[in-house]
Structure formats: structure tokens, C-alpha cells
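S.K.: This is the structure I have questions about; it appears just below.
The values are calculated or read from the model by the stated rules, or taken from the named source; none is laboratory data. The model shown is predicted, which means the values in this text are computed figures rather than measured ones. Neighbour counts run over all protein chains shown; Cβ positions are idealised from the backbone, glycine included.
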Amino acid sequence: MTENPVPQPPADNRQPLSLLNDLLISGMLTCLAFILAKLLPALYPAWTVRGLPLMAFLVSLEGLIAHRSRAGRPKVIETPFLSTAAEWVLILILTKLAIMLQGGLAGIWQEILSWQQGFFRHFFEIQYGLVIFILFLIWGITRLYIEPINQLEEDKNLMAQEKLGYAFIDRQQARRSLIGLIFTIGSSMIGLTVLLNGEIEFMPLTETPTRNFVSVLLIYFVLAFIFMALNQYAIMKARWFFNDIEVNADLSKRWLRFTLVFISIVIVVSVFLPTGFAIGFYPILSAILQGLIFIVGVLQFIVMAPIAFLLTLFSSLLSTEESVEQIRPVMPEFNPDTTEAVATLPLWDVVKSVLFWLVFIGVIVFAVLYYIRNRRGLKDFFRFDRLRAWLRDFWAWIKRGAKQLGAFTAETAQKGIQGVRLILTERRVKLPSLADLVKGISPRQAVILTYLDWVRWNKENGLSRRESQTPAEYAAAIRTRWPEVEAPLKAFTNAFIQARYTRQAIEKPQVDAAQNLLKDLKALIRQAEANPDNLKNQAST
Amino acid sequence: MLDYLPFLIFLMILAVFLQAGPALTVFYMIVGIFLLGLWWNKRALRHVKIERHYEDHAYLNEIVHVRLTIENESILPILWLEIHESLPVNLRAGQNVKQVFSLGIRASHQIDYDLRAFKRGYFELGPTSISTGDPLGMVKPAQQNFPSTLLTIYPQIVGLSELGLPSRSPFGTIQRQNPIFEDPTRLMGKRAFQSGDSVRRVDWKATAAIGDLMVKLYEASIALNLTVLLDLQRESYNIQSIHDSTELAVTAAASLAAWAKRRQHTMGLLTNGLDPHTGLTVEKPIPPGKGAGHFINVLELLARIQIGETRSTLQLIQDARARLSWGTTLIYISGGVSTGAFKQLFQARKAGLNPVILLVGHPTHLAEDRRVASGYHLPLYAAGSVQALRTMAAKVL
């Protein structure tokens, strides 16, 4: 390609494409006629007519061609009713002739003779009537195809007018109409096939094998897909033309080839995919659930086994043999209900069933998701925003709660540890009081102990007693520092000297007096330490 | 696909409740076509590679040939590939490249088109979008975008062969008759020592050879340190002709750069325009320099530059005063000069620079500007068109 040229209107290849479309439609309706032809003997056992699909093909093709030829003529000289009537007279005669020919020349002669005994009764006999009914149905369906087909087919002049804005054709709507028509007929055909192959009491079974019906259905849908692909090409080509997009000349041929390859791949895959299931959905689901439960049981066993073993050991220590038996874990057994059912089936059927349900459920899930994704309202509805927000809030709440709980636990634990530590500390520091200690000893020892407590207390306050100091010297040293304690100190020191260095009897009241003196001494010294000015004044005075 | 959904539901019902094999086959077929189309489209598009081959720099009015190569690197053929390449309106007159074609297995397709460089600038070729779909139209067409690439078109250059500009720089490349400044690197000859000659001028080798005191004679010369101050602030231009005037200003700057390059003068560029490459006002000036590389740098910036909003003219001149060395010729190109700008330029003159004002386009108060400029002893030239720019060069001589 060189410079971007101005796109020309699509090449006028309408004739071959129209012919191809006609053949495809006629082919599809022939498939319908085939199934109807199989239905008629079931309804009317005396049915002997053959070649109904061929007749349907010809009638359909004739209908399409006749319509196209009429469409090409000016509307002034066109008389639709007369044309249609002539068309039907021809169809009636040719159909009768075709049926008569099936009976041979003798049959034709016999038929003609029978007309003398009542023309309408013998001419329009039941089989002929049924054939005409089927053909009229086919012809009518053919007419339904014509309008959308006309809209979708390339028309150079019309497209040029559309581009200028003088005309508008809703091609997508036409395509939707065609799709609706194709799949309605297809559904009917599938329904009839199921009816004919099913075990229905009032319907005699057809002798035609199922594969024939499947083949006819496949042919119908292959033709339908090719037909749809051609229409899609027409839509795309029109769009490209309206948007001034240059299109490669060989695209139409490639489109057809590609469609054939594309559909062939799908058919090959579709034919080999399982179409039957020996095991129903619920047994399969039940088996899967049981399998899951079995896996959970195995995991539980793996987790519980060591714990159970430890419990067993403890139990053995306590010699409770009964409990050992009770807490022994049991390996779960996988025993689905479908085992018996499956056992009687070949393995391939089981695999096919599982595969079928997997494919089936997968396709349904995918179709639903795709449908939701392409519907904005539904998509918004199923966005789970609220649920997600709620879950997020809930999770935040859980996290916050856990955090608070952790903080509370840590604080409590810390407090507990501190409390324990404090208790231990107090226990270590809080030695028995002097009053408690002296309760259990003799008064002499109590007085001496009281004095020792006095010495210890002074040491803590920075006035240690040297070993060389006598109690009187020590008292003098204290007096030098705290003169205000002179009187009680003298009495206290004398009490100690009496208890320590004499044999005089020491009684309980003396112990109490010594302890009271000690209290007074300590109080005075504390007071003096709190008011050093007083101390200095006192010292100076 | 949505059109087929009722039918699919019908098939599912038949398949499950009646265990109908034919229904399932058809069901698989429809879903298979859909899935295959979906997968095919996405996979095929992922392996499409697009390359754009062209000269990414061009001069004004040149034709740029672009070759777009679309390659399918996948083993999956692509039935139809719609390509849409957006192109700048100024280069293609609004015609984008749009095409539909098929791509076979590992095949490639080439699209050639030409762009005409009608306008200087910094243009984006692209972005390019491609889309493809399945033959039956069951799947929504998949689309992929490819990033754009850049094309720089240099501004127009007018021949200013006779342009004469003053300079105060004593040593340089332009020979002058005025012997006030002599260039010691330009030896003209020797003569006998005369009373009053500097001892520094004594040529001792010649003196030794001749046996008499000889002194060197030097040529007088100047150097033209040129700096273009391109004012692209919107307020500086007459709003009615702002587009043409700014383009003319850029043309004048480019022409001066070309002239300086030809004459081997140093040339720098300061501007307050917007650089679309960074999306910001040009903060850093191109310092004075020589040579082809430097010239291309200047042209690159001039090709991209657009009207700016943020940096004022006064700030631009102040920056120039602070940055430029003594004796530099400062060519202030703008669409008009404000009182403040006159004062700043006068200050620049007092600071030893040589300001020259070049007004382009259609200044609103040209006569008034001339009067003020003469009052400040600042040379002022005006050019309303490219042709006037050429003749102005002659007048300057």
C-alpha cells in the first residue's frame, strides 16, 4: 500500500454472496425438513412419501429466488398476490407430481383415475396434505429470512446513500432477527430430536439412529454459523465503508476460509467432548464433598496424632488404660456413597461423567460471569462493594480489638510482673521489725539488739561506729553532731551498758523503755535533719 | 454472545433434564466458538508487533516518508486487523491512516504514507490502535494500543548573510578598522621600535636577528558573542496575530543561529517558552557555543518551543544579565517591549552587554517603542514577515 486512498464503495459481489446465502438458508431448512420427515411416520404410520427434504430445499430456494426476481422489478408492475398464487400453484402441481412419481407409472394412472370419483378428496389426500403443510411451513420460514437478509446484503447504492445520511439500516437489529430465527428453528429441531429419541409412551420410537439426528443438527448449525459469519462480514464491511477505512480486496475469500477452519476446529472438539453422563450431578457432588471431608480428616489426623500420643503417655503414667483407648485417633476412611454405583460402571463412563459436569458447570459459571460483566447494572450490583466494605470494617474491627486485647494483656502482664517483682522486692527488703524480733528473745538480748539497731540506723545516716569506740564515746560523737538528743541518748546508752556489761536483771519494762528511747532518738534526729537552721542555732547556743 | 444466551439456557435444560446428547453437542459447539474466538483474539493481538520507520527530524516543507510494519509473531492467523493511526493535523491535513487487512501466520504487512512538514514543531505520530474479532461476531472485538513516537520539524531558516551586529568584545573573529582593540593572536607585521612603544610588544627574536629593537604589529578585531533572548510570553504579542508572530520570532531566532554558525560566532539561547518535551517552561538556557552540534541543539529547542505562561519577560532579561559575560550581543526578540523591559535592557547595556531589540509580527505600539528605544540608545528593528526579516538584515548592514 502506498498513500491512503479514499475508500471506494464495496465491490459489487452481491450476486455470488446472495446465491451463497440462499443455498445456506435452503440447506438449513432442509435439515429441518429431514427431522420433520422423521416425525411424520411417527404420527402417521401409513406414511410412504420419500424425498421431503429435497422438496423442502427446492421450495425454499424457489421462494428466495422468486422474491429476489420480484424485488428487481419496478413496484408499479409488481402484483405480489398474483405472483405468490402462481408460485403456489406451481409448487402444488410439482409436489403432487413428485409424490405420484414415487408410486411408479401405474400409480400415476391409478391416481388420475381416482380423481373421477372425487377430485378434491383424492387429489388432496392425507399424505399430500401433510407434505404441502410441511412445504408451506418451509416456504413461510424462508420468507421470514428475506427481509433481514436484504438489509444485510451489500448494496452499493444504498450504502452510498447511507453514508450521506439519506438512509439508515439497522444492521445489528437485522442480525439479531436472523440469530433469533436460526436458534428458534434450531431449538425446535433439538426438541424434536429429543422427542423422537426419547422413551415416550405415546410416541413410537423412530428407527433412525441417533447419530443421524446429531449429524443433521451439526450440519444445520454449521450452515447457520457460516451464514452468520457472512452476515457479520457484511456488517463489518459496511462499518468500514462508513468510516472510510480501506479494506483489502481478498478479505471476503479469507473470511469464508477462516470461518470454515474455525468452525471445523470447534466441531472436532465438540464431537469428542462427553455428551452423556452415567452418574448424576448430586452423586458427583456428594463424592467430591466426601473427598474433601476425607482430606480434612487426614489433615486432622496428622495434627492430632502427636497430641494424642502425648496424652497417651500422660494417661499411661496415671495408669488409666481405659482413657488410652478413648483418645487414640482413628484414621478416616474415604467411602463415598457413589462407590457402589461407580463400581458397576466402566471407568470411561465415570471419567466422562466427571468431565461432563466439570465442563458443564464451568461453562455455566463462565456464561453467568460474562453476562454480568457485560451488564453495567448487574456488574455494579455484584461488585460486592458493600460486602467488601463490611468485611474490611469487620477486619479492621477484629484487628483493632486484637490490638487492644494485646495491649491490655501486655499491660496486665506487665502490671502482674511488676506486682510480683514488688512483692519479691518488699519481701527481700522488709525484714522483720525490731519489735517483732525482740518478742522471742530475753530482755537483755532485746536491749542489746535495740542498741545494735541504733548503731545500724546511725550508720545508714552517716555516723558509723568505730570498733575502738566505747558506747560512751560513741554517744559523745552523736551528741556532738546532734546536741538535742543528749538526754535520751544518755539514758539509752546507759540502758545498753547495763544490759551488756552488768549482771543486773533486765526486765521487760526496760526493754520497752529502750525501744521508746530509740524511737525518740530517731524522731529527734529526723526533726533536726529536716530543720538544719534550728540545728545550727542550737549548736551555736 | 448475549444474543445466544436464551438458546444456551434452553440447551442446558435439555441437556440436564433429558440427557440429550445432540443438545449437548450443539451447546459445546456454540460455547466452543465463543471461547475459541475469545482466546484467539486476545492471543493473536498480544503477538502483533508494530514498528514505525521514519526520519524523526525534518526541515520545514520536507516530505517525511513513514513505513508502518505490522507483524504477526504468532502461529495464529488474524482474519481481520483494523489499524488506526492518529496523525497530527498539521502534517496530514486531518487524514489518519485507517486500514483493514488479514495477517497470516508469522506474516507482516506494510503501510506506507507520507507526511508533509507544513509546520515546525514537535509532533506525535500515533498512538496506533489495532482491533480484531472473530468471524461470527460472537465476541466483542479486542483492541490494543501502541504508543506514539515523535517527529521534530525544524523551524524555517532565513538567509541572513549580510547581518551586521555590534560587539564590544575586543578579541574575536570579526576584523575591524578601529584600532582601539588589537588582538595579540592576529600578528600583522613588525616595525622598528619607537619611543612610547610598550616593552611587551618587543619581538625579541626579531630584535636578536636584526640587531635592532623590533616591535610586533597586531590586527584589530572583535568577537561577536551572540545570545538570543526569545520572548514567548503571551502578553508580549498582539493577540490578533500571536500565532504568526511567535512563529516569526522562532524563525528569526533560528535564522540568527544559522547565521552565527556560518560565521563561527558563539551563540546562546534564552527563552521563556514552553518545551512540550518536558511540559515545563525552559529554565536552563543553551549557553553560548559554536559548531554544528551546538547549532542542532538550538534548532531542536526552537523546533519544540511553544508559547509560555509562567516566566515573565523581565525575569528573562534579568537572568540574561546575570548569566552573560561582558560584551555579549543580546538580541531580544519579542512582539513588543514593555517599559520594564526597556529599563532592564538599558541596565544590561550599562552592564556591558549590547542589547538589540528585534520586534516581530505586528507590534501594537511600534512607533512609541522606537521612540523609547532611541531614548535609551537601544537599536530596534522590526520585521512583520519573513520577507521583512530578510530585508531587515540588509538594513542592519
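S.K.: Pull up segment B:118-140, narrow it to residues that are within 13 Å of A:Met236 (Cβ to Cβ) and in contact with a strand residue (DSSP E or B) (Cβ under 6 Å, 6 or more places away or on another chain), then point me to the one that is nearest to the other protein chains (Cβ to nearest Cβ).
M.R.: Step by step, filter segment B:118-140, then rank; the result is B:Pro135.
S.K.: Pick from A:Phe225, A:Phe272, A:Phe213: which is under 37 Å from the mean Cα position of the chain (by Cα) and either modelled with pLDDT of 80 or more or surrounded by 20 or more Cβ atoms within 10 Å (Cβ to Cβ) (or both)? Break it down stepwise before answering.
M.R.: Values: A:Phe272 fails: either modelled with pLDDT of 80 or more or surrounded by 20 or more Cβ atoms within 10 Å (Cβ to Cβ) (or both); A:Phe213 fails: under 37 Å from the mean Cα position of the chain (by Cα).
One residue alone meets the criteria, A:Phe225.
S.K.: Listed residues A:Val368, A:Val438; which is within 30 Å of B:Trp39 (Cα to Cα), surrounded by 10 or more Cβ atoms within 10 Å (Cβ to Cβ), of a type in the set (A, V, I, L, M) and modelled with pLDDT under 80? First the steps, then the outcome.
M.R.: On the way: A:Val438 fails: within 30 Å of B:Trp39 (Cα to Cα).
Just one listed residue meets the conditions, A:Val368.
S.K.: Does segment B:74-90 include one or more residues that are more than 9 Å from chain A (Cβ to nearest Cβ), surrounded by fewer than 19 Cβ atoms within 10 Å (Cβ to Cβ), on the phi > 0 side of the Ramachandran plot and modelled with pLDDT of 80 or more?
M.R.: Scanning segment B:74-90, I find no residue that is more than 9 Å from chain A (Cβ to nearest Cβ), surrounded by fewer than 19 Cβ atoms within 10 Å (Cβ to Cβ), on the phi > 0 side of the Ramachandran plot and modelled with pLDDT of 80 or more, so the answer is no.
S.K.: If you don't mind, another one. Could you tell me how many of the residues in segment B:125-154 are modelled with pLDDT under 90 and over 21 Å from B:Phe34 (Cα atoms)?
M.R.: 1
S.K.: Out of curiosity, is A:Pro443 at pLDDT 85 or above and within 19 Å of A:Gln527 (Cβ to Cβ)? Walk me through how you get there before you give the answer.
M.R.: Values: at pLDDT 85 or above: yes; within 19 Å of A:Gln527 (Cβ to Cβ): no.
No.
S.K.: Tally the residues that are exposed (fewer than 13 other Cβ atoms within 10 Å of the Cβ), more than 60 Å from the chain's Cα centre (by Cα) and in a helix (DSSP H, G or I), restricting the search to segment A:111-134.
M.R.: Looking only at that region, the number is 8.
S.K.: If you take the residues of segment A:151-176 that are more than 21 Å from B:Pro135 (Cβ to Cβ) and of a type in the set (S, T, N, Q), which of them is modelled with the highest pLDDT?
M.R.: My answer is A:Gln161.
S.K.: List pairs: first residue in segment A:239-255 and under 16 Å from B:Ile111 (Cβ atoms) and more than 7 Å from chain B (Cβ to nearest Cβ), second residue modelled with pLDDT under 90 and surrounded by fewer than 20 Cβ atoms within 10 Å (Cβ to Cβ) anywhere in the structure, Cβ distance under 8 angstrom, at least six positions apart or on different chains.
M.R.: Partner pairs satisfying both residue conditions: A:Ala249/A:Ala11.
S.K.: Hey, could you check segment B:25-53 for residues that are within 11 Å of chain A (Cβ to nearest Cβ) and β-branched (Val, Ile, Thr) and say which is surrounded by the most Cβ atoms within 10 Å (Cβ to Cβ)?
M.R.: Result: B:Val26.
S.K.: Here is a follow-up. Name the residue, out of A:Ile190, A:Ile182, A:Ile134, A:Ile138, that is within 14 Å of chain B (Cβ to nearest Cβ), in contact with a helix residue (DSSP H, G or I) (Cβ under 9 Å, 6 or more places away or on another chain), modelled with pLDDT of 90 or more and within 28 Å of B:Gly21 (Cα to Cα).
M.R.: Details: A:Ile190 fails: modelled with pLDDT of 90 or more; A:Ile134 fails: within 14 Å of chain B (Cβ to nearest Cβ); A:Ile138 fails: within 14 Å of chain B (Cβ to nearest Cβ).
Just one listed residue meets the conditions, A:Ile182.
S.K.: Would you be able to tell me the number of residues in segment B:323-344 that are within 15 Å of B:Pro363 (Cα to Cα) and either at pLDDT below 90 or assigned to a loop (DSSP other than H, G, I, E, B) (or both)?
M.R.: Residues meeting the conditions: 4.
S.K.: Of the conditions (1) of a type in the set (Val, Ile, Thr); (2) touching a Leu at 6+ places or on another chain (Cβ under 7 Å); (3) farther than 22 Å from B:Gly159 by Cα, B:Val250 satisfies every one except a single condition; which number is it?
M.R.: (3)
S.K.: Step by step: first the residues of segment B:54-72, then only those that are aliphatic (A, V, I, L, M), under 24 Å from B:Lys98 (Cβ atoms) and touching a residue at least 60 places away in the same chain (Cβ under 8 Å), then the one that is surrounded by the fewest Cβ atoms within 10 Å (Cβ to Cβ). Which residue is that? So that I can check it myself, show each step before the final result.
M.R.: The initial filter retains those residues of segment B:54-72 that are aliphatic (A, V, I, L, M), namely B:58, B:60, B:63-64, B:66, B:68, B:70.
So of that shortlist, the ones also under 24 Å from B:Lys98 (Cβ atoms) come out as B:58, B:63-64, B:66, B:68, B:70.
Right, trim to touching a residue at least 60 places away in the same chain (Cβ under 8 Å) and you get B:58, B:64, B:68, B:70.
Details: B:Ala58: 21, B:Val64: 19, B:Leu68: 23, B:Ile70: 22.
That would be B:Val64.
S.K.: Scan segment A:132-140 and give yes if some residue there is in contact (Cβ under 8 Å) with a residue 40 or more places away in the chain and either touching a His at 6+ places or on another chain (Cβ under 8 Å) or farther than 23 Å from A:Cys31 by Cβ (or both), otherwise no.
M.R.: No.
S.K.: Next up: Please enumerate the residues belonging to segment B:45-72 that are among the polar types (S, T, N, Q) and closer than 18 Å to B:Gly121 by Cβ. Show your work before the answer.
M.R.: Step one: list which residues in segment B:45-72 are among the polar types (S, T, N, Q), which gives B:61, B:69, B:72.
Within segment B:45-72, just B:Asn61 meets the criteria.
S.K.: Also: Of everything in segment B:105-117, what is facing chain A (nearest Cβ under 9 Å) and exposed (fewer than 14 other Cβ atoms within 10 Å of the Cβ)? Give them in sequence order.
M.R.: B:Gln110 - this is the single residue of segment B:105-117 that is facing chain A (nearest Cβ under 9 Å) and exposed (fewer than 14 other Cβ atoms within 10 Å of the Cβ).
S.K.: Which one of B:Gln347, B:Gln240 is without any contact (Cβ under 8 Å) to a residue 40 or more places away in the chain and within 30 Å of B:Ser374 (Cβ to Cβ)? First the steps, then the outcome.
M.R.: Numbers: B:Gln240 fails: without any contact (Cβ under 8 Å) to a residue 40 or more places away in the chain.
Within the list B:Gln347, B:Gln240, the selection yields B:Gln347.
S.K.: Another question, if that's okay. Could we say that B:Ile242 is at pLDDT 85 or above, aliphatic (A, V, I, L, M) and exposed (fewer than 15 other Cβ atoms within 10 Å of the Cβ) here?
M.R.: Numbers: at pLDDT 85 or above: yes; aliphatic (A, V, I, L, M): yes; exposed (fewer than 15 other Cβ atoms within 10 Å of the Cβ): no.
Against the criterion (at pLDDT 85 or above, aliphatic (A, V, I, L, M) and exposed (fewer than 15 other Cβ atoms within 10 Å of the Cβ)), B:Ile242 does not qualify.
S.K.: Every residue in segment A:141-179 that is within 14 Å of another protein chain (Cβ to nearest Cβ) and of a type in the set (Gly, Ala, Ser), please.
M.R.: First, the residues of segment A:141-179 that are within 14 Å of another protein chain (Cβ to nearest Cβ): A:148, A:152, A:171-179.
A:Ala174, A:Ser177, listed by residue number.
S.K.: Only one of these is at pLDDT below 80 and not β-branched (Val, Ile, Thr): A:Ala46, A:Ala71, A:Ala66, A:Ala37. Name it. Show your work before the answer.
M.R.: Working: A:Ala46 fails: at pLDDT below 80; A:Ala66 fails: at pLDDT below 80; A:Ala37 fails: at pLDDT below 80.
Exactly one residue qualifies, and that residue is A:Ala71.
S.K.: Output the qualifying pairs, or none if there are none: Cβ atoms under 7 angstrom, residues six or more apart or on different chains, first residue in segment B:27-45 and of a type in the set (Val, Ile, Thr), second residue not in a helix (DSSP H, G or I).
M.R.: B:Ile33/B:Leu136; B:Ile33/B:Met138
S.K.: If you take the residues of segment A:158-171 that are without any contact (Cβ under 8 Å) to a residue 40 or more places away in the chain and part of a helix (DSSP H, G or I), which of them is surrounded by the fewest Cβ atoms within 10 Å (Cβ to Cβ)?
M.R.: A:Leu164
S.K.: Being surrounded by 19 or more Cβ atoms within 10 Å (Cβ to Cβ), free of Cβ contacts under 8 Å to residues at least 60 places away in the same chain and assigned to a strand (DSSP E or B) is the filter here, so list the residues in segment B:122-163 that pass it.
M.R.: Across segment B:122-163, the qualifying residue is only B:Phe123.
S.K.: Now a separate question. With the checklist (1) at pLDDT below 90; (2) in a helix (DSSP H, G or I); (3) surrounded by fewer than 22 Cβ atoms within 10 Å (Cβ to Cβ) in hand, flag the one item B:Ala320 doesn't pass.
M.R.: Only one criterion in (1) at pLDDT below 90; (2) in a helix (DSSP H, G or I); (3) surrounded by fewer than 22 Cβ atoms within 10 Å (Cβ to Cβ) is unmet by B:Ala320, namely (3).
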